[in-house]
Amino acid sequence: MLKKILILIIIGALIFIASGCESKGEESDKIPKEGSYSRCVEVEEKTPYNIVDSVELPYFDEDTIFEDANLIFKGTVLDAKEIEIEEYVDGELNQTYHYDVFTFEIEKIYYSEDPSLEVGDVIKVANASCSYWWVDGTIKMEEDKEYILLAKRSHKVSFTDFTKYYDYHVAQYWVSIIPVEDGKYYVDEELVSLTDNAEKEIIREDGGFKTTMYVKGEGFEDELRALILEKKGTS
């Protein structure tokens, strides 16, 4: 029994280290006085959500979302966390970022600019709309549920290398997230090329936000592959 407990502790420690984040409240005395430095902590979901009332979102249409996507895949959420990234410059806190980060197991790859990525791989995908900075309309992904995502590669912004904390982020807060449930695919109205021949339409509301979701059934993934071929020239 003791041996099993020790194994579980070791596995937990390895997962903790691999996440790149500390526990909330864990302090570090190693913040350099010169240059840039960032650290990540896992945080509890903020209640109530901090709703962003006056945010001006960039315009995202279907063409933009497909153009920006480096990875289009279907997967199941294994784990969901909210993180806080603190960015320091010359020893002073410069910026704080909050993200929901979802650990996915990849089930199908429709398009990828990373040839090393394979079905069965586990990746982390972030959404900047989270409880600390919530944009009405955002689709909140959940553990054990399946989604198709159009995602962008993480990268370095300002003084912080975000690739240390997640692999991809959603191309848009809700349009690039297609929930999959019981063989049905829920497509936002902005993906106009994928809304034909829907089985039904659903009005989705979130605060003052309203959009139409088109419920697609068998054959949707073939439509998606054809559209990727049209938009990206490959699949």
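Here is how the numbers come out for the structure above:
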item: Considering residues of region 93-136 that are of a type in the set (S, T, N, Q) and touching a strand residue (DSSP E or B) at 6+ places or on another chain (Cβ under 8 Å) only, the residue farthest from I178 (Cα to Cα); result: N94
item: Residue satisfying condition, being within 22 Å of Y166 (Cα to Cα), part of a loop (DSSP other than H, G, I, E, B) and not basic (K, R), within set E45, E86; result: E45
item: Residue list for region 225-235, filter: part of a loop (DSSP other than H, G, I, E, B) and either more than 22 Å from A69 (Cα to Cα) or without any contact (Cβ under 8 Å) to a residue 40 or more places away in the chain (or both); result: G233
item: Lone qualifier among L78, L93 - being in contact with an Asp or Glu (Cβ under 7 Å, 6 or more places away or on another chain), part of a strand (DSSP E or B), loosely packed, with under 14 Cβ neighbours inside 10 Å and at pLDDT below 95; result: L93
item: Filter result for D144 (surrounded by fewer than 18 Cβ atoms within 10 Å (Cβ to Cβ) and over 25 Å from T96 (Cβ atoms)); result: yes
item: Tally, over region 207-235, of residues that are within 30 Å of S131 (Cβ to Cβ) and in contact with a helix residue (DSSP H, G or I) (Cβ under 6 Å, 6 or more places away or on another chain); result: 0
item: Residues of region 153-201 satisfying the condition of being crowded, with 18+ Cβ neighbours inside 10 Å, part of a strand (DSSP E or B) and either of a type in the set (G, A, S) or modelled with pLDDT under 95 (or both); result: T160
item: Residue match in region 206-217 (condition: over 22 Å from the mean Cα position of the chain (by Cα), exposed (fewer than 11 other Cβ atoms within 10 Å of the Cβ) and assigned to a loop (DSSP other than H, G, I, E, B)); result: yes
item: Total residues in region 48-63, condition surrounded by 16 or more Cβ atoms within 10 Å (Cβ to Cβ) and not in a loop (DSSP other than H, G, I, E, B); result: 1
item: Criterion violated by D222 - all others in (1) out of contact with any Ser or Thr (no Cβ under 6 Å at 6 or more places or on another chain); (2) touching a residue at least 12 places away in the same chain (Cβ under 8 Å); (3) charged (D, E, K, R); (4) outside any strand (DSSP E or B) satisfied; result: (2)
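The values are calculated or read from the model by the stated rules, or taken from the named source; none is laboratory data. In this text the structure is predicted, and so the values were computed from the model without any measurement. Neighbour counts are summed over all protein chains in view; Cβ atoms, including those assigned to glycine, are modelled from backbone coordinates with ideal geometry.
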